[in-house]
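Worksheet: the structure to be examined is printed underneath.
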Amino acid sequence: MTTATAKKPSQSLNYIRYTPTHEDTYVAAMRQLISKDLSEPYSIYVYRYFLYQWGDLCFMAMDNDPDNPGTERMVGVVVSKIEPHRGGPLRGYIAMLAVQEEYRGLGIATRLVRMAIDAMGGRGADEIALETEITNTAAMKLYERLGFLRSKRLHRYYLNGNSAYRLVLYLRDGVGSIRTSFDPFGSSQGELLSGAPLHPPAMPTVPLLHKNGG
Amino acid sequence: MLPNNQGRAPTTRIVSQSVVPRDITEKFTQAASKLKTGQLVKDEYFTLFEAVGALEIMDSKMDSGYLGPEENRQGLDDDYDVLRDLSPGEVVGIMDELLCHEVAWHMGHPLSQTLFTSLYLDKLLWPVPRSLEDTHFGRGKLSGDKTEPELVHIVLRAYCLALVKCCDFVHTRVTREFYYEEEDFSTQLYNRELLSHIDHGVIGNLLNRAISWIDEQDTIDTNLNSAIKTRLEFRHEFLFSLQQDTNILQTRSVDRLETCLLMLPTLKESSHMGQPVPEAFSWKIQRKLASTVPPRPMVRISLEDALAHLKRLCQDGIHLNQILDYRGPYNLRVAIWTILSRKPQPSVYIRSLIQTIIMNKSIILGTVPVKQFLYDELAALVLPSNILLEASLDETEVPSDPRFQIAQYMDGFVRRFSQPFVDTFRSACLNRCRIRRTVCHTIVDWDNLQMEDLDEQLRTLSEEPPLQLPNGDTTYSYPLSSWAYHHKLIQFRLILQLGFELSIYAPEELPGMYWYLSHICSTHLGHIDRIRTFIVSAAQRSRPSLAKHAVLRKSFLLFDRLTMQIVAIDALAISLHALYVLLSRHKTLPTAASSQAYSNDQFRYELRMKPFLHITLPELVPYDEYSREATLQGDSDGIVMDRATKAIGEARKAWEATLSNGPFLEDSNGEKPNAPALEEDWTRDVKDTMRACIGASIAIETVKKAIIANRKKGDGAQPLNLQVTIPEAGSKARWHDWWAVPQVQPGMKT
């Protein structure tokens, strides 16, 4: 913590909400920041998908750019969305979170996530969900400190073969009892939106544990 | 973080020859120029999934056809000559590299990043060979242009073809069963085939020919010669092992796998003689594969890891032989769950094979019709020598006859329940995460299936007399609903226990979760008592014959067995619950949530109970009651300490008894499964649980001492001077994954 504090470059970071007016600079900076933690970059469509529909749920931490005095650079970002989950509860989803390495340990990510949760809560979210790699202890701790619980573990969820936890936070009473629409795929296709694996297209719609191939 | 996995998007590829491409660049540019930056034009079908699956043209990391300035010079193709001479050491090197890739594929990596990076395999498999004659390395070259070196043509070719055929057997088995694409296995073949139409016997002959050829070579170093020979022989045995597949049900033969197992050490010992030929593998081949996924790095696993994986595969395959003799549903359940709970979990091939063996075409273990299987289960648990099961044996065809009607109802029951019942076995074959998720879903199905009205109709037909309760009320046995409820309670328990195994629960949830586990156990014990009561009273009414007496005795033995197991789980859960209550009361339990957390305990309870919220029976425990029970509200520390000590004592005794009972029960013919390897696994598991009991006893004593010490000092409200860590599931200090026993040590504070 002491070394991290020493590195803290300015007294006050500027936390702002995304606006499309500066999309060119913001998106480029965001991609750079987020891609660092990924083996493969997200395509531009993934960013557009979120920002075009839920730009107001994206928050950024900015700091003075030492290389270009008078300008700011992005040092942290959170990207989220809000949608009814399978026709049931209104689910806020935190899709991406990144903080520049030398700014970690300063509570920036926590602050960004809080801003996103507050914004989603303001839009009536019943629950907030996200996934995080099980090896990413820093992220797990961050979310669990905020009251998230692990709801399930997702086997080999990421490209690198690592598993994930789905973390969920209920924001109001009775969320668990909200019925979702019936989904014949049960545990598989229904979670498509959150990125769970998809069966081969040839798979017939059959109940759980029936044959799924040949 | 959102997963970035384009591979998960469905791949639609137009293969029709009639497609005429036309250039739309200009039209597209024109249309796009009318958009503002950042504007997204999409229809409702463009979901996050499509966004993640989309590729950026001209981005070297996504666009598989794009060549950066660097690559441009090198081109898309590799210039490796598959017809070049290979030294014997290089052949060994290539074989071992191929084996690593094969196992990496078994582990779930796609062919594109593993085997399909081999230029030798590429030559054999593309274009898709129509016959065996097409499968040689000189394809496409003018005849007489260049001859194939014998070591390559006779030896390496045979090895490669056999390897591909092995993959064909694995692919066929896995895709016929239930698996999760990418989680368990990547089935994508990129429009290629794995020699599925070529008979394995022909390939076996090629291997034999290669073995004879290598035997005749006297110019090759003896050690290298035998290294090559061993690899060919291993491949031969492995090919025929995989060809055995479900034939094991008839042959009961695992000789081939046993031979493979014996050969693995030799492969390891001679591997140093291999000379790597890295240029024979190229990630660039991916650009030629029918895939929307951009080229990804080759997956590399060590030969050591590959051989370790193969060793487990062989061992698991050999031990499969011990689940094949049918000795009733109870024993089958123990055997299946025991073999599939091995750590690491058996490979996806073995898990798929077990799925088929459990049930194929409505036959269990290749011999027992599913109806018989379900009836055996019902007879053992709820209907020993009961008319409901006997009715179908009659040949009564008079529709007004109650026995005829009973048989009709029971047939309907079998139709509805046989699949869900068999799935309680087959679900063990999923990966551990999926087992829990699946059971969270099936539990709802079982709740819906529990049909009291069917029991009522059957009761009228069978003229079941009511049972008088001590309070004067009367009730009936409801055998089928009782049975369904029994299974539902097992599933409740499984969801909780897998929750511990998968590290789902935060430390502060542990008191509540162990309370809930014990609550489910005591509900279950009460339920088994109820079933027993009805069977006793039915027996007293009918004065059963000697034969029926024997059947009843078997049922009572089963109840005793089930009761003992649940008592053992219950007692350990009670003691851990009490222990965690003490730690929590004295602010010594680590917590994941901070004081500034969103949400509250009640919402978190609701989230935790999500799988159970819509279940009718057992009823959901209201939050207030849960909160009182989970914290042992109103009980002094002294009472809680006593509770922990008594319960752990009882747990130790009950687990001792469980251990001495052993895993299996005699079936109706008085026979037990002969399954020494599974018995060993089962015993180890129980012994690990007993170690958890000892660990818990020690922790309880340490906590008691600290509480008493605090009290003596008069600062009973202060946190205990203890360091508490909860070992992660899978770690050595965690005696058993299902039991999160805290390690409690005197703290550093003075």
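For residues in the range B:429-438 being more than 7 Å from chain A (Cβ to nearest Cβ) and farther than 21 Å from residue B:612 by Cα, which is surrounded by the fewest Cβ atoms within 10 Å (Cβ to Cβ)?
Filtering first and then ranking leaves B:430.
Against the condition more than 11 Å from chain A (Cβ to nearest Cβ), part of a loop (DSSP other than H, G, I, E, B) and at pLDDT below 70, how does residue B:15 come out, does it pass?
In short, yes.
Pairs needed: first member in the range B:290-311, closer than 24 Å to residue B:65 by Cα; second member anywhere, at pLDDT 85 or above and of a type in the set (Phe, Trp, Tyr); C-beta distance under 6 Å; at least 6 residues apart or different chains.
Short answer, once both residue conditions are applied: B:290/B:190; B:291/B:190; B:295/B:283; B:298/B:283.
Taking the condition within 30 Å of residue B:316 (Cα to Cα) and away from chain A (no Cβ under 14 Å), does residue B:692 pass?
It is true that residue B:692 is within 30 Å of residue B:316 (Cα to Cα) and away from chain A (no Cβ under 14 Å).
Kindly indicate which of B:318, B:387 is outside the structural domain of residue B:455 (by TED's automatic domain parsing) and surrounded by fewer than 21 Cβ atoms within 10 Å (Cβ to Cβ).
Going through B:318, B:387 in turn, just one is outside the structural domain of residue B:455 (by TED's automatic domain parsing) and surrounded by fewer than 21 Cβ atoms within 10 Å (Cβ to Cβ): B:318.
Checking residue B:685 against (1) surrounded by 14 or more Cβ atoms within 10 Å (Cβ to Cβ); (2) closer than 20 Å to residue B:639 by Cα, which test does it fail?
Going through the list (1) surrounded by 14 or more Cβ atoms within 10 Å (Cβ to Cβ); (2) closer than 20 Å to residue B:639 by Cα, residue B:685 breaks only (2).
Got a sec? Which of A:116, A:164 is at pLDDT 95 or above, more than 8 Å from chain B (Cβ to nearest Cβ) and surrounded by 17 or more Cβ atoms within 10 Å (Cβ to Cβ)?
Details: A:164 fails: more than 8 Å from chain B (Cβ to nearest Cβ).
Checking each option against the conditions leaves just A:116.
Answer yes or no: is there a residue in the range A:129-150 that is outside any strand (DSSP E or B) and on the phi > 0 side of the Ramachandran plot.
yes
Out of the residues in the range A:18-54 that are surrounded by fewer than 20 Cβ atoms within 10 Å (Cβ to Cβ) and outside any helix (DSSP H, G or I), state the one that is farthest from the other protein chains (Cβ to nearest Cβ).
A:36
Quickly run through the range B:261-291 and pick out the residues that are over 26 Å from residue B:90 (Cβ atoms), modelled with pLDDT of 95 or more and surrounded by fewer than 19 Cβ atoms within 10 Å (Cβ to Cβ).
Passing the criteria: only B:262.
Every residue, every condition in (1) in contact with a helix residue (DSSP H, G or I) (Cβ under 9 Å, 6 or more places away or on another chain); (2) aromatic (Phe, Trp, Tyr); (3) farther than 30 Å from residue B:735 by Cα, yes or no:
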| position | (1), (2), (3) |
| --- | --- |
| B:492 | yes, yes, no |
| B:499 | yes, no, no |
| B:507 | yes, no, no |
| B:515 | yes, yes, no |
| B:524 | yes, no, no |
| B:531 | yes, no, yes |
| B:592 | yes, no, no |
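Is it fair to say residue A:110 is under 23 Å from residue A:29 (Cα atoms), assigned to a strand (DSSP E or B) and in contact (Cβ under 8 Å) with a residue 12 or more places away in the chain?
Numbers: under 23 Å from residue A:29 (Cα atoms): yes; assigned to a strand (DSSP E or B): no; in contact (Cβ under 8 Å) with a residue 12 or more places away in the chain: yes.
No.
Check the range B:365-380 and report whether any residue there is among the hydroxyl-bearing types (Ser, Thr, Tyr), in contact with a strand residue (DSSP E or B) (Cβ under 7 Å, 6 or more places away or on another chain) and without any contact (Cβ under 8 Å) to a residue 60 or more places away in the chain. Can you show your working first?
Going residue by residue through the range B:365-380, those that are among the hydroxyl-bearing types (Ser, Thr, Tyr) are B:367, B:375.
Narrowing the set further to residues that are in contact with a strand residue (DSSP E or B) (Cβ under 7 Å, 6 or more places away or on another chain) leaves none.
Within the range B:365-380 (the criterion being among the hydroxyl-bearing types (Ser, Thr, Tyr), in contact with a strand residue (DSSP E or B) (Cβ under 7 Å, 6 or more places away or on another chain) and without any contact (Cβ under 8 Å) to a residue 60 or more places away in the chain), the answer is no, since none of the residues qualifies.
Being more than 23 Å from residue B:94 (Cα to Cα) and either over 27 Å from the mean Cα position of the chain (by Cα) or surrounded by 20 or more Cβ atoms within 10 Å (Cβ to Cβ) (or both) is the filter here, so list the residues in the range B:292-315 that pass it.
Matches in the range B:292-315: B:292, B:293, B:294.
Within the range B:704-734, restricting attention to residues that are hydrophobic (A, V, I, L, M, F, W, C) and over 18 Å from residue B:745 (Cα atoms), which residue is modelled with the lowest pLDDT? Let's see the steps before the verdict.
Of the range B:704-734, the ones hydrophobic (A, V, I, L, M, F, W, C) are B:706-709, B:717, B:720, B:722, B:724, B:726, B:729, B:733.
Subset that is over 18 Å from residue B:745 (Cα atoms): B:717, B:729.
Values: B:717: 73, B:729: 96.
Looking at residues that are hydrophobic (A, V, I, L, M, F, W, C) and over 18 Å from residue B:745 (Cα atoms), I get B:717.
Which of (1) within 16 Å of residue B:386 (Cβ to Cβ); (2) touching a residue at least 40 places away in the same chain (Cβ under 8 Å) does residue B:432 not meet, given it meets every other one?
So the condition that residue B:432 fails would be (1).
With B:569, B:535, B:574 as the choices, which residue is assigned to a helix (DSSP H, G or I), in contact with a Pro (Cβ under 7 Å, 6 or more places away or on another chain) and at negative phi?
Working: B:569 fails: in contact with a Pro (Cβ under 7 Å, 6 or more places away or on another chain); B:574 fails: in contact with a Pro (Cβ under 7 Å, 6 or more places away or on another chain).
Of the residues listed, the single one that is assigned to a helix (DSSP H, G or I), in contact with a Pro (Cβ under 7 Å, 6 or more places away or on another chain) and at negative phi is B:535.
Among B:594, B:555, B:584, which is without any contact (Cβ under 8 Å) to a residue 12 or more places away in the chain and either in contact with a Leu (Cβ under 9 Å, 6 or more places away or on another chain) or part of a helix (DSSP H, G or I) (or both)?
Result: B:594 is the single residue among B:594, B:555, B:584 that is without any contact (Cβ under 8 Å) to a residue 12 or more places away in the chain and either in contact with a Leu (Cβ under 9 Å, 6 or more places away or on another chain) or part of a helix (DSSP H, G or I) (or both).
Looking only at the range A:58-86, how many residues end up being within 14 Å of another protein chain (Cβ to nearest Cβ) and not in a strand (DSSP E or B)?
The qualifying residues number 3.
Of the residues A:132, A:137, which is of a type in the set (S, T, N, Q) and more than 7 Å from every other protein chain (Cβ to nearest Cβ)?
Only one candidate qualifies: A:137.
Yes or no: the range B:659-681 includes at least one residue that is over 25 Å from residue B:339 (Cβ atoms) and not β-branched (Val, Ile, Thr).
No, the range B:659-681 has no match at all.
Looking at residue B:500, is it within 14 Å of another protein chain (Cβ to nearest Cβ) and crowded, with 16+ Cβ neighbours inside 10 Å?
Working: within 14 Å of another protein chain (Cβ to nearest Cβ): yes; crowded, with 16+ Cβ neighbours inside 10 Å: yes.
It is true that residue B:500 is within 14 Å of another protein chain (Cβ to nearest Cβ) and crowded, with 16+ Cβ neighbours inside 10 Å.
Only residues that are of a type in the set (Phe, Trp, Tyr) and in a loop (DSSP other than H, G, I, E, B): list them for the range B:463-491, please.
Looking only at the range B:463-491, we keep the residues that are of a type in the set (Phe, Trp, Tyr), and these are B:476, B:478, B:483, B:485.
Those that are of a type in the set (Phe, Trp, Tyr) and in a loop (DSSP other than H, G, I, E, B): B:476, B:478.
What's the total number of residues in the range B:223-257 that are in contact (Cβ under 8 Å) with a residue 40 or more places away in the chain and within 24 Å of the chain's Cα centre (by Cα)?
Summing the residues that are in contact (Cβ under 8 Å) with a residue 40 or more places away in the chain and within 24 Å of the chain's Cα centre (by Cα) in the range B:223-257 gives 11.
Please find, among B:459, B:426, the residue that is in a helix (DSSP H, G or I) and more than 9 Å from chain A (Cβ to nearest Cβ).
When all the criteria are applied, what remains is B:459.
Tell me yes or no: at least one residue of the range B:421-432 is of a type in the set (Asp, Glu) and over 27 Å from the mean Cα position of the chain (by Cα).
No.
Name the residues in the range B:395-423 that are within 14 Å of chain A (Cβ to nearest Cβ) and crowded, with 21+ Cβ neighbours inside 10 Å, would you?
Across the range B:395-423, the qualifying residues are B:417, B:421, B:423.
Within the range B:586-608, can you find the residues that are more than 7 Å from chain A (Cβ to nearest Cβ) and hydrophobic (A, V, I, L, M, F, W, C)?
Answer for the range B:586-608, where residues must be more than 7 Å from chain A (Cβ to nearest Cβ) and hydrophobic (A, V, I, L, M, F, W, C): just B:589.
The values are calculated or read from the model by the stated rules, or taken from the named source; none is laboratory data. Not measured: the values here are computed from a predicted model. Here Cβ is always computed from backbone atoms with ideal geometry, including for glycine, and neighbour counts include all displayed protein chains.
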